[in-house]
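Engineer: I'd like to ask you about the structure that follows.
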Amino acid sequence: MSVIPWLTQALEVLAAIAVAPLFVGWIVQCRAWLQNKSAPSIWLPYRAIHKLFHKEAVLAERASPLFRFAPYVVFGSMVCAAAIIPSMGTRLPFSGAADAIALVGLLATARVFVSLAAMDVGTAFGTLGARREMMVGFLAEPALLMVIFVASLISSSTALPEISDALATQPFALYPSLAFTAVAFVLVLLAENARIPVDNPATHLELTMIHEAMLLEYSARHLALMEWAAALKLFNYACIGFALFVPWGVATEQAQTPAALFASLPILAAKLAAAGVGLALIETVSAKLRVFRAPEFLATAFLLAVLGLLVNLLLRA
Amino acid sequence: MPDPTLSCLTLLGAWALIGFAGLVRPGSVFVVGRVLFPLGALVGVALALVALVNAAQPADQLVLPLGLPDLPFHLRSDALSDVFLFLLGAASAGVSIFGAGYFRSGEGTAPGLLCLQYHLFLASMGLVLLADDAYLFMLTWETMALSSYFLVTTQHRLPEIRRAGFLYLLIAHVGAIGILLSFGVLQGGSWQFTFDAMRAAQLSPAWAAVAFLLALFGFGAKAGLVPLHVWLPEAHPAAPSPVSALMSGVMLKTALYGLLRVTFDLLGEPVWWWGLVPLAFGLFSAIYGVVFAAAQTDMKRLLAFSSIENIGILFTGVGLAIVFGGVGMRTLASLALVAVLYHAVNHAFMKSLLFVGTGSVLHATRERNLGRLGGLIHRMPWVAWLTLIGALAIAGLPPLNGFVSEWLLLQAFLSAYQVPKPFLGMLLPLGAALIALAAALAGYVMVKFYGVIFLGQPREASLERAHDAGWLERIGLGWLAAGCVVLGLFPRHFIDLLELVPMQFGLIQARTIGGNWWRVIPVMERQAAYAPVLFLLVVGLVIALTVFVVSRLYHVRARRSAPWDCGFARLDARMQDTAEGFGQPIRHIFQPFFSMQRELPTPFDRAPHYRVTIGERIWTHAYLPLAELVQRTARAVAWLQQGRIATYLLYSFVTLLVMLGLVL
């Protein structure tokens, strides 16, 4: 086993960790432009994280070790997920360790830990947020799995790098099934990352908040890790979307080197920039749903993904 | 090398002996708890080891000159029975050692008698797995049902527990009739009731289908397949926790064993469309079970419904294996079968762990109602942390064991589009959608289960005095939790054992699931692979590095203070979300499943009361009308009983005449 592929893998993961807050900053920037506001600096997420790390952590009296431990687990899961997702290269050594189903499982692990930590102190908002998060999760998770299944039927593999590779290297073809699943995927992405219309990332203290409600008791480094993990999650979802629907431009050669990785960095940056504009656009033109309507929103995603599966099996395309 | 069957039989005999030894000093908690139950646990470990060794050996038969004259008992140990004997031994070892610390005097049945019932239950389950003729099978099957009935009714002074026990016994017997009839069809006119004769019997396709459907009905009733599941949510809360653990973790699997034995061994070549029946019922049970689990407020009822979900997943897998086997896709049939067996063993560990965990909670708090628990992670850290492993495992989260089997099943489902039958190839992959939904809902259920019991603030003042489990109970919990972790991290070794079963059934000639000690490759490397050890290593490494970097670059100072809760100062335990609240979105989304009765307070109530009772529609729509029908028929037939001897003599006379008429 040579060192170079693992080094490349480590570089990819580090790049993901580093870029994720910038992606969040970029979306905020785009949204401000679209809404005729003056935007905060694009580097603000970094400064916020840095500031939080410096602060002294304040824990609730009743907080158990689970509460302190959860941010590390969540952050670790998201970093591990970033290693599985082929954001810059598809033939990296860790890709053989877990396929897309394991990736969904990993994201579920992170979600369960966030929810358990939210219930730990026993506040009204925390438990409410945990319940809502799990409600969103149990509908979004199978929808995401269905999206991945459709892609795996086309490429006959559930390994995300293989799917991405197969879709990128074969002659260009339009898959009607992928069109359905792409819509489903965008809905899942919005719901899972606490974006409008399911949740609102821009406000604190709304009665209908989900993600923020779970983090209310966190402070300092724990909060920083949770926020960073959330940014990484958004980055991961975007990269899953790129791997499935716009797989071109990712380094696919057998021998992966840091150089090949850097070559694919500008393309990734361009995709992320476009995705950021798209997300900001969706958030600008849509309004937040009532919490009770969220299941319908996600059921739509689930049904669209199932429809995609059916279309794929009917047309074999 | 000792004889495989005989060595298993000896260990089962040891269990029976331990049971009878309990009668020597029936009132002594010390003898039963400190000597006999730990001995029983050791026998369980030995049985698991013996089964592991035996599995690699060829099938071995043994004839015991017992039972009726000219009808000796036939026993046989082969790969299938060894897998389930391993499950029985390994899971019961943890439960027994837990039970050693759990059972106390003054809880209904005397400890010694309980010890007898418990170990006879274990021994009869083992004999069910070894039986090689229908007589012995039914005999031990009934012993198992009866001994577990007495265990369920340990607290026989409470009328609702007697009711639950009766319901259990009733459905167990309705199921047993199905199994008996199935064996009757399987002998195929030879009137030989050994399994060898049944293997040799040539059945017409129609009769083979009848035998399969009868077996599915009978074993489905024992396993708790919807709609025959109604006894499960009643019996599990009624039984003492170690007994619930055994019933849910192990006994339900004997029904799975029976179905596999009849379908793949005795019937030989299953027909593809048979598989659709368990597949459909299994998928429905999986969703039904988990939806109801999410709405429960009693922790043991919640787990009982979760068992229904898992039984549904198991039967779905069996159905998938039959479909694959029937259309000649033997490698995939083997994959589905391995997934089923893996999930059976996983469920034995994780469900037993959760049930004994609730047992500790019950002992410490005397409370089964989720609405009166909370915050126990502070008072019962051992139970809380070990139960967390079980909860995460059953939610199907990597790198624990529940994920492995669900992953294998999904891989099998994903290849189902190749089934060369019109529409079937298209509809089967949709089953994967339902399995994924059930797995995601299981996560919801487990967050509710764990969060409400162990996290948050205690909902009752008395919970502050709750004590942690004793050391014997901790060993039991630890054993089962270790099983969940090991089965999750090193699946490849265990799959080697499980693949002997499809090889025994002739589905495959050589092992097809690839990989090495740290990695599993179900079909091809290009298609999918999963390496749980690497997975855990990377996550662990990232966590360690994060802790290191944070502590080096910044600091790890922390201070305790009152919870913030958006600046609200008078936070109390009643402001937390409740178990009912957690069930609310599920009740809302899956409304058609439930029959609900709600009492809502008006704004002017002096003492506002909110009550919601959740019922199953199946009671009002199927079971109660059926019971009514039975009673009405019984009343009609009762007219025959006039109570006068002359009438009865007339009946005998008429019967004789009719018989004579038939014979002549």
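Engineer: Does B:Arg570 satisfy being facing chain A (nearest Cβ under 7 Å), surrounded by fewer than 17 Cβ atoms within 10 Å (Cβ to Cβ) and not in a helix (DSSP H, G or I)?
Structural biologist: The answer is no for B:Arg570.
Engineer: Can you go through B:Leu536, B:Leu541, B:Leu545 and tell me which one is surrounded by 11 or more Cβ atoms within 10 Å (Cβ to Cβ), in contact (Cβ under 8 Å) with a residue 40 or more places away in the chain and either more than 29 Å from the chain's Cα centre (by Cα) or assigned by TED's automatic domain parsing to the domain that holds B:Asn369 (or both)?
Structural biologist: Step by step, each of B:Leu536, B:Leu541, B:Leu545 is checked, and only B:Leu536 is surrounded by 11 or more Cβ atoms within 10 Å (Cβ to Cβ), in contact (Cβ under 8 Å) with a residue 40 or more places away in the chain and either more than 29 Å from the chain's Cα centre (by Cα) or assigned by TED's automatic domain parsing to the domain that holds B:Asn369 (or both).
Engineer: Kindly indicate whether B:Arg617 is surrounded by 10 or more Cβ atoms within 10 Å (Cβ to Cβ), within 30 Å of A:Val58 (Cβ to Cβ) and among the charged types (D, E, K, R).
Structural biologist: Judged against the criteria, B:Arg617 is not a match.
Engineer: Within the group B:Ala412, B:Ala440, B:Ala466, which residue is touching a helix residue (DSSP H, G or I) at 6+ places or on another chain (Cβ under 9 Å) and at the interface with another protein chain (Cβ under 7 Å from one of its Cβ atoms)?
Structural biologist: Unique residue meeting the criteria: B:Ala440.
Engineer: While we're on this one: Could you grab me the full set of residues in segment B:86-129 that are among the aromatic types (Phe, Trp, Tyr), modelled with pLDDT under 90 and assigned to a helix (DSSP H, G or I)?
Structural biologist: B:Tyr102
Engineer: Continuing with this model, one more query. Can you confirm whether segment B:146-153 contains a residue that is among the polar types (S, T, N, Q), buried (at least 21 other Cβ atoms within 10 Å of the Cβ) and in contact (Cβ under 8 Å) with a residue 60 or more places away in the chain?
Structural biologist: Yes, segment B:146-153 contains a residue that is among the polar types (S, T, N, Q), buried (at least 21 other Cβ atoms within 10 Å of the Cβ) and in contact (Cβ under 8 Å) with a residue 60 or more places away in the chain.
Engineer: Could we say that B:Arg474 is assigned to a helix (DSSP H, G or I), farther than 17 Å from B:Leu409 by Cα and modelled with pLDDT of 85 or more here?
Structural biologist: yes
Engineer: Report the residue count in segment B:615-640 for those that are of a type in the set (Val, Ile, Thr) and in contact with a Ser or Thr (Cβ under 8 Å, 6 or more places away or on another chain).
Structural biologist: Here the count works out to 1.
Engineer: For residues that are of a type outside the set (A, V, I, L, M) and either facing another protein chain (nearest Cβ under 7 Å) or at positive phi (or both), tally how many sit in segment B:589-609.
Structural biologist: 0
Engineer: Right, something else. Any residue that is in a loop (DSSP other than H, G, I, E, B) and away from every other protein chain (no Cβ under 14 Å) - is there at least one of those in segment A:14-21?
Structural biologist: no
Engineer: Is there a residue in segment B:60-69 that is in contact with a Lys or Arg (Cβ under 6 Å, 6 or more places away or on another chain), in contact (Cβ under 8 Å) with a residue 24 or more places away in the chain and surrounded by fewer than 24 Cβ atoms within 10 Å (Cβ to Cβ)?
Structural biologist: Yes, the conditions are met somewhere in segment B:60-69.
Engineer: Scan segment B:491-509 and give yes if some residue there is under 22 Å from the mean Cα position of the chain (by Cα), in a helix (DSSP H, G or I), within 14 Å of chain A (Cβ to nearest Cβ) and not aliphatic (A, V, I, L, M), otherwise no.
Structural biologist: Checked segment B:491-509: at least one residue is under 22 Å from the mean Cα position of the chain (by Cα), in a helix (DSSP H, G or I), within 14 Å of chain A (Cβ to nearest Cβ) and not aliphatic (A, V, I, L, M).
Engineer: If we keep just the residues of segment B:522-553 that are more than 9 Å from chain A (Cβ to nearest Cβ) and outside any helix (DSSP H, G or I), which is modelled with the highest pLDDT?
Structural biologist: Looking at residues that are more than 9 Å from chain A (Cβ to nearest Cβ) and outside any helix (DSSP H, G or I), I get B:Pro522.
Engineer: Can you name every residue in segment A:92-128 that is at the interface with another protein chain (Cβ under 7 Å from one of its Cβ atoms) and under 22 Å from A:Arg62 (Cα atoms)?
Structural biologist: Hits for segment A:92-128 are A:Val112, A:Ser115, A:Leu116, A:Met119, A:Asp120, A:Val121, A:Gly122, A:Thr123, A:Ala124, A:Phe125, A:Thr127, A:Leu128.
Engineer: So which residues in segment A:145-157 are more than 9 Å from chain B (Cβ to nearest Cβ) and touching a residue at least 24 places away in the same chain (Cβ under 8 Å), if there are any at all?
Structural biologist: A:Val147, A:Ile148, A:Val150, A:Ala151, A:Ile154
Engineer: Out of (1) in contact with a helix residue (DSSP H, G or I) (Cβ under 6 Å, 6 or more places away or on another chain); (2) surrounded by fewer than 17 Cβ atoms within 10 Å (Cβ to Cβ), the odd one out for B:Gly506 is which?
Structural biologist: (1)
Engineer: Looking at (1) more than 26 Å from the chain's Cα centre (by Cα); (2) crowded, with 24+ Cβ neighbours inside 10 Å, can you tell me which one B:His378 breaks?
Structural biologist: (2)
Engineer: Confirm whether A:Arg68 is of a type in the set (D, E, K, R), within 27 Å of B:Asp565 (Cα to Cα), facing chain B (nearest Cβ under 10 Å) and not in a helix (DSSP H, G or I).
Structural biologist: So A:Arg68 does not fit the description; no.
Engineer: Just to verify a result, which residue in segment A:194-204, among those that are touching a helix residue (DSSP H, G or I) at 6+ places or on another chain (Cβ under 6 Å) and either over 19 Å from A:Ala81 (Cβ atoms) or within 11 Å of chain B (Cβ to nearest Cβ) (or both), is surrounded by the most Cβ atoms within 10 Å (Cβ to Cβ)?
Structural biologist: A:Asp199
Engineer: Specify which of the listed residues (B:Gly615, B:Gly581) is within 40 Å of the chain's Cα centre (by Cα), over 30 Å from A:Pro161 (Cα atoms) and within 14 Å of another protein chain (Cβ to nearest Cβ).
Structural biologist: B:Gly581
Engineer: Would you be able to say whether some residue in segment B:612-632 is without any contact (Cβ under 8 Å) to a residue 24 or more places away in the chain, under 24 Å from B:Ala579 (Cα atoms) and out of contact with any Gly (no Cβ under 6 Å at 6 or more places or on another chain)?
Structural biologist: Yes, there is a match, as at least one residue in segment B:612-632 is without any contact (Cβ under 8 Å) to a residue 24 or more places away in the chain, under 24 Å from B:Ala579 (Cα atoms) and out of contact with any Gly (no Cβ under 6 Å at 6 or more places or on another chain).
For every residue, the table says whether it meets (1) farther than 17 Å from A:Pro142 by Cβ; (2) within 12 Å of chain B (Cβ to nearest Cβ); (3) in contact (Cβ under 8 Å) with a residue 12 or more places away in the chain.
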| position | (1), (2), (3) |
| --- | --- |
| A:Ala273 | yes, no, yes |
| A:Gly276 | yes, no, yes |
| A:Leu281 | yes, no, yes |
| A:Ala287 | yes, no, yes |
| A:Arg293 | yes, yes, no |
| A:Ala299 | no, yes, yes |
| A:Gly308 | no, yes, yes |
| A:Leu313 | yes, yes, yes |
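Engineer: Just give me the residues in segment A:205-220 being hydroxyl-bearing (Ser, Thr, Tyr) and within 12 Å of another protein chain (Cβ to nearest Cβ), in sequence order.
Structural biologist: A:Tyr218, A:Ser219, listed by residue number.
Engineer: Continuing with the same structure: Could you say whether any residue in segment B:448-457 is under 30 Å from A:Ala108 (Cβ atoms), among the β-branched types (Val, Ile, Thr) and crowded, with 24+ Cβ neighbours inside 10 Å?
Structural biologist: Yes, the conditions are met somewhere in segment B:448-457.
Engineer: Across segment B:554-567, what is the total count of residues that are more than 7 Å from chain A (Cβ to nearest Cβ), part of a helix (DSSP H, G or I) and surrounded by 15 or more Cβ atoms within 10 Å (Cβ to Cβ)?
Structural biologist: Qualifying residue count for the region: 0.
The values are calculated or read from the model by the stated rules, or taken from the named source; none is laboratory data. Note that the coordinates shown come from a computational prediction; the quantities given were computed from them, not determined experimentally. All Cβ positions, even for glycine, are placed from backbone atoms using ideal geometry, and neighbour counts span all protein chains on display.
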